[in-house]
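This report refers to the structure that appears directly beneath it.
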Amino acid sequence: MDRGLNMVNEATSRRNREGASSTGRPGLLTLINSYFVRHAQTLFYSLGQLLRAPFSMLMTAAVIGIALALPAGMHQLLQNAQLLSGKLDDATQISLFLKKAVTEQQARELTHKLGNMPEIGRVRLITREQALEEFKQNAGFGDALRALDENPLPHVIVINPALQHTDAAAGRKLLERLQGMIQVDAAQLDVEWIKRLYAILEIIKRGVWILAALLGMAVLLVVGNTIRLAIQNRRDEIVVIKLIGGTDAFIRRPFLYTGFWYGLFGALIAFTLVNIALYLLSDPVRQLGELYHNPVSLTRMNLETSAYLLGAGILLGLGGSWLAVGRHLRDIEPR
Amino acid sequence: MIRFTQTSKRYEGGYDALSNISFHIEPGEMAFVTGHSGAGKSTLLKLIALLERPTRGQVLVNGQNLSRIKRRQIPYFRRNIGIIFQDHQLLFDRTVFDNVALPLIIAGYTRAEIGRRVRAALDKVGLLGKEKKYPITLSGGEQQRVGIARAVVHKPLLLLADEPTGNLDPDLSREIMHIFREFSQVGVTVLVASHDLELIREMQTRQIILHQGQLADDGSGVEYGQ
Ligand SMILES: Nc1ncnc2c1ncn2[C@@H]1O[C@H](COP(=O)(O)OP(=O)(O)O)[C@@H](O)[C@H]1O
Ligand SMILES: [Mg+2]
């Protein structure tokens with residue numbers, strides 16, 4: 001008991017001195033220093049707590065993972081669809097029908113000028129003579145044309161917009177510009193269905209965002225509910241900690257980190273699921289491409305998308321636990 | 001150290017657990033709060049620990065008017081107090097060491113300092129060899145002593161104990177009371193709620209006697225030879 005009394009004596013002399021530094025009570029620097037250490041400790045403590053019951057942890061993480069994988073996977077497919085439709089830019093042609101008065105020489109000059117415009121990828125001039133030849137050979141009414149003493153066809157310039165200007169809005173703008181030129185009689189965007197495809201993709205894109213928002217909310221609720229149960233399970237502990245002077249922040253911290261881990265593991269599961277799905281789809285897609293003599297392959301999630309997925313998972317995990325902690329910690333008070 | 005001035009506590013439902021209580025306890029003093037069950041002993045301790053707020057009157061602890069302490073500041077206030085309960089409130093999924101270390105972890109002590117202090121506190125209550133055990137493997141008396149070690153490990157100015165010997169046999173109870181006395185002898189203010197009248201008489205210490213929420217005797221006039 002003697003050594004024990006020493007400790008108590010120390011307590012007395014501390015009170016007599018009233019000094020802060022000599023008490024062993026942490027100084028400011030130590031506090032700041034230990035702040036980060038403690039955060040790291042709590043982070044891994046909460047991981048350790050989760051890994052004590054790996055099965056139920058995985059169950060929750062899997063639910064989160066599936067909820068994240070759905071919008072992430074659809075986003076990835078959409079990206080692929082857009083890449084694919086980008087390859088269809090050959091089909092987005094603009095035909096410029098020049099005015100009758102434009103000579104072949106002028107038409108060639110215009111073709112050259114258009115070819116230098118940045119919005120325009122490739123240009124090809126079909127002179128009225130060439131057009132007539134084609135007509136005679138292909139259309140089958142060569143005789144009727146021969147009966148005319150004058151060639152009724154105009155010069156036509158066929159334009160493929162540059163790759164980065166293949167979307168519907170840019171195509172429409174280019175078309176308007178070309179229509180405004182004095183040599184031009186009419187300009188026509190050849191393939192309307194591309195526009196429709198873009199419109200459909202736009203709707204799907206919006207749909208994916210709505211789906212992502214809904215499933216994000218589901219993740220918030222799943223994490224929130226899991227943390228709520230964790231809080232209830234550790235009610236006694238929370239009471240004790242409040243009783244001996246633990247701040248709300250101190251009590252909150254392990255639960256927030258638990259939410260962090262759920263979000264992180266959920267996102268990793270989602271990442272794995274999406275990549276497995278892409279792998280499973282890659283063969284049939286390649287075969288489809290071969291049918292169209294167009295080599296296509298599904299692209300995997302790039303670094304940016306993966307980072308967004310991880311970030312979204314972690315934020316939702318933290319957010320869900322924040323909601324639960326805010327709602328339920330206050331109710332637990334020592335009595 | 002503790003001053004009640006015309007303090008009353010009425011619980012929701014209209015029951016007056018304490019009415020118009022006034023008394024004063026000096027720093028380093030030890031006192032018992034006695035009275036039969038329902039007299040208001042626990043309520044009195046709860047007012048001091050800010051587990052409850054008085055409905056009227058005021059409570060001063062260490063010169064601080066508790067009515068001025070906001071909810072946010074309560075944790076920091078409680079770090080100056082050690083609290084011991086009849087049902088000792090240990091965390092059963094942690095070792096004895098971790099239980100006792102909790103107040104120090106909360107206050108942000110360094111690891112080395114925590115080790116040193118926890119061992120000193122356990123030594124004080126005679127449990128030095130049991131740091132790595134889990135509370136469930138200890139006897140009732142030992143568990144209560146772990147609770148005491150946790151209450152004193154951060155060297156509080158004030159020790160509150162609510163029926164600390166309620167579940168213990170007379171010998172163990174006596175031992176616990178003597179540990180409290182040792183603390184008071186080195187300057188810790190100790191307030192123990194108990195209805196173990198025989199043991200209290202034996203302790204020859206000031207008694208604050210409650211009767212149905214009223215102060216029957218604050219014991220301040222009595223001199224005890226020690
Ligand atoms: N939270 C509460 N709500 C309502 N009544 C309470 C509450 N706590 C205690 N009481 C009542 O206040 C009275 C005093 O209780 P308490 O201080 O626990 O007495 P003691 O500790 O002396 O047995 C009792 O009649 C009890 O029923
Ligand atoms: Mg009581």
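Name the residues in the range B:43-60 that are within 16 Å of ligand 2 (Cβ to nearest atom) and within 14 Å of chain A (Cβ to nearest Cβ), would you? Scanning the range B:43-60 gives B:43, B:45, B:46, B:47, B:48, B:49, B:51, B:52.
Return the residues of the range A:196-239 that are open to solvent by less than 70 Å² (accessible area, probe 1.4 Å), within 14 Å of chain B (Cβ to nearest Cβ) and assigned to a helix (DSSP H, G or I); say none if nothing qualifies. Hits for the range A:196-239 are A:230, A:237, A:238, A:239. Is it the case, given these coordinates, that residue B:153 is at the interface with chain A (Cβ under 10 Å from one of its Cβ atoms) and β-branched (Val, Ile, Thr)? Yes. For the range B:19-59, filtered to residues that are more than 8 Å from ligand 1 (Cβ to nearest atom) and of a type in the set (Gly, Ala, Ser), the residue that is nearest to the chain's Cα centre (by Cα) is B:49.
Evaluating residue A:300 against the criteria (1) surrounded by fewer than 18 Cβ atoms within 10 Å (Cβ to Cβ); (2) in a helix (DSSP H, G or I) leaves one unmet condition, (2). Out of all the residues in the range B:177-187, is one or more away from ligand 2 (no atom under 16 Å from the Cβ), more than 14 Å from chain A (Cβ to nearest Cβ) and over 29 Å from residue B:110 (Cβ atoms)? Yes. Restricted to the range B:1-18, and to residues there that are within 14 Å of another protein chain (Cβ to nearest Cβ) and over 17 Å from the mean Cα position of the chain (by Cα), the residue that is farthest from ligand 1 (Cβ to nearest atom) is B:9.
Of the helices (runs of 4 or more DSSP H) entirely within the range B:63-179, those holding at least 2 residues that are open to solvent by less than 10 Å² (accessible area, probe 1.4 Å) occupy B:96-107, B:111-124, B:140-152.
The values are calculated or read from the model by the stated rules, or taken from the named source; none is laboratory data. What you see is a predicted model, and the numbers here were worked out from it, not measured in a lab. Note that we place each Cβ from the backbone using ideal geometry, even for glycine, and neighbour counts take in every protein chain shown. Only protein heavy atoms, including side chains, enter the accessible area calculation; ligands, DNA and RNA are left aside. Shrake-Rupley method; radii C 1.70, N 1.55, O 1.52, S 1.80 Å.
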